1. I need a count of the residues in segment 108-149 that are over 13 Å from Gly75 (Cβ atoms) and under 17 Å from the mean Cα position of the chain (by Cα).
2. Can you tell me which residue within segment 68-90, out of those that are touching a residue at least 60 places away in the same chain (Cβ under 8 Å) and among the aliphatic types (A, V, I, L, M), is nearest to Glu33 (Cα to Cα)?
3. Looking only at segment 53-67, count every residue that is outside any loop (DSSP other than H, G, I, E, B), within 11 Å of the chain's Cα centre (by Cα) and touching a residue at least 24 places away in the same chain (Cβ under 8 Å) and tell me the total.
4. Hey, can you tell me all the residues within segment 93-105 that are farther than 15 Å from Lys135 by Cβ and open to solvent by 30 Å² or more (accessible area, probe 1.4 Å)?
5. Name the residue, out of Ala47, Ala70, Ala42, that is assigned to a loop (DSSP other than H, G, I, E, B), among the hydrophobic types (A, V, I, L, M, F, W, C) and either closer than 13 Å to Leu138 by Cβ or at pLDDT below 90 (or both).
Amino acid sequence: MLTQLNQNITELQSILDAINALPEAGGGSPIPEFTYTGDWEAVQEDAVNWKIRLLSSGQLTFKKDQTIDAFLVGGGGGGSGGYVAGYYAYSGSGGGGGYTTTGTLTLSANTPYSVSIGAGGSAGAANGNGGTGGKTTLSTLTANGGAGGNYSSGVGGAGGSGGGGQSRGY
């Protein structure tokens, strides 16, 4: 009888330990311990799901081995400058949105991983193209930046979503 009582206590302690490991919002798995040298935020989507948003470049280090689902977005392309040709004035065209990539990564404990967050492309001056957006990288994953808008053809930049074209005015 004493053996059965000890087994029940051990089972109850296991259940309590599992409950205590849950995040404040309840449900799901807790956000793992990590450090990040850049800006970040934790987002609790619902009672089960959470994500860590890395907002600037830095070094990511988990305290324990982790397998993560990563979603990366490259920087958007810059819009082109407008130009005048004869009697016509042309507006600039939009830069393309940054490309995206997803992947599952296995990251080792106490190993710093460089994270580079791609910046948006520069805006084009008058009669100039927009700049290409920067790449976002983490470990083996890369999301390219969107292309800048083209002032002379009026074509929006290619990217995760294309940029808008130009219009002509009198």
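The values are calculated or read from the model by the stated rules, or taken from the named source; none is laboratory data. Quantities reported herein were computed from a predicted structural model and do not represent experimental measurements. Positions of Cβ are generated from backbone atoms using ideal geometry, with glycine treated the same way; all protein chains shown enter the neighbour counts. Side chains are part of the model used for accessible areas, which takes the heavy atoms of the whole protein and leaves out ligands, DNA and RNA. Shrake-Rupley method; radii C 1.70, N 1.55, O 1.52, S 1.80 Å.
1. 7
2. Per the criteria, the residue is Ala70.
3. Here is the first cut: in segment 53-67, the residues outside any loop (DSSP other than H, G, I, E, B) are 53-54, 58-62, 66-67.
Of the ones still in play, those that are also within 11 Å of the chain's Cα centre (by Cα) are 53-54.
Retained after the next criterion (residues that are touching a residue at least 24 places away in the same chain (Cβ under 8 Å)): 54.
The number of residues fulfilling the criteria is 1.
4. Passing the criteria: Thr102, Thr104.
5. Details: Ala70 fails: assigned to a loop (DSSP other than H, G, I, E, B); Ala42 fails: assigned to a loop (DSSP other than H, G, I, E, B).
Answer to the selection: Ala47.
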